Structure formats: structure tokens, C-alpha cells
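A.B. asks: Could you have a look at this structure, given as C-alpha cells, before my questions?
Please treat every number below as a calculation from the coordinates, not as lab data. These numbers come from a predicted model, not from an experiment. Cβ placement follows ideal geometry from the backbone for every residue including glycine, while neighbour counts extend to all protein chains displayed.
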């Protein structure tokens, strides 16, 4: 279960530059009901049945003290080395499905 009110501005890029490991970067914003939330992404276990879609899990840390009730976006970033080729990234539990860009 997520405290998120919504999310937006998602991007996913798979860097294939020669001479360094292939890197997948995923960025977005998640809206929360108060300031102070921290959010991150990690590869979900188990993965889904489609090997071309990377399943990721949104992890949240709520603020520990009382906060004013004002919708506040939190930046989310993931970066990881992968040899797998993905077409999309699925963010659980938000349901976001992001197309992966493969820059040339």
C-alpha cells in the first residue's frame, strides 16, 4: 500500500555507451499528502512473466513528525547496471508503465 496521491514526469533511459557498463536510469516524481516523504525504487522480486518489462517496487519512508497537509512532490531516482534489454519499466504499486529510451 502506498501513501502516494499520484505520480508524474517519469523517464527511463538505458545507456549503451561503449567502454562502460550498460546502465538503466529511472526518474520520476511522486506526490505525497505532506512534506518529508522519501521515496526510492528497487528491482521487484519476483519479476513478472515478460522479461522485456522490468518490475520495480516503490519504497517509501514517511516523515516521523507532524507535517502540514500540503501536497508535496518527492523526487524518485534509480540507477543500476544491467545486461538485460527492457522495453518498459512497471512501477508497483502505482501501476505506472514507462517506455525505456535507448539513446544511440
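A.B. asks: Going by the conditions given, is residue 55 without any contact (Cβ under 8 Å) to a residue 60 or more places away in the chain and either surrounded by 17 or more Cβ atoms within 10 Å (Cβ to Cβ) or within 10 Å of the chain's Cα centre (by Cα) (or both)?
C.D. replies: When the stated conditions are applied, residue 55 passes them.
A.B. asks: Continuing with the same structure: For residue 4, are the conditions met, namely being under 19 Å from residue 67 (Cα atoms) and in contact (Cβ under 8 Å) with a residue 24 or more places away in the chain?
C.D. replies: yes
A.B. asks: Go through region 68-93 and report how many residues are out of contact with any strand residue (DSSP E or B) (no Cβ under 9 Å at 6 or more places or on another chain) and under 17 Å from residue 33 (Cβ atoms).
C.D. replies: Count: 3.
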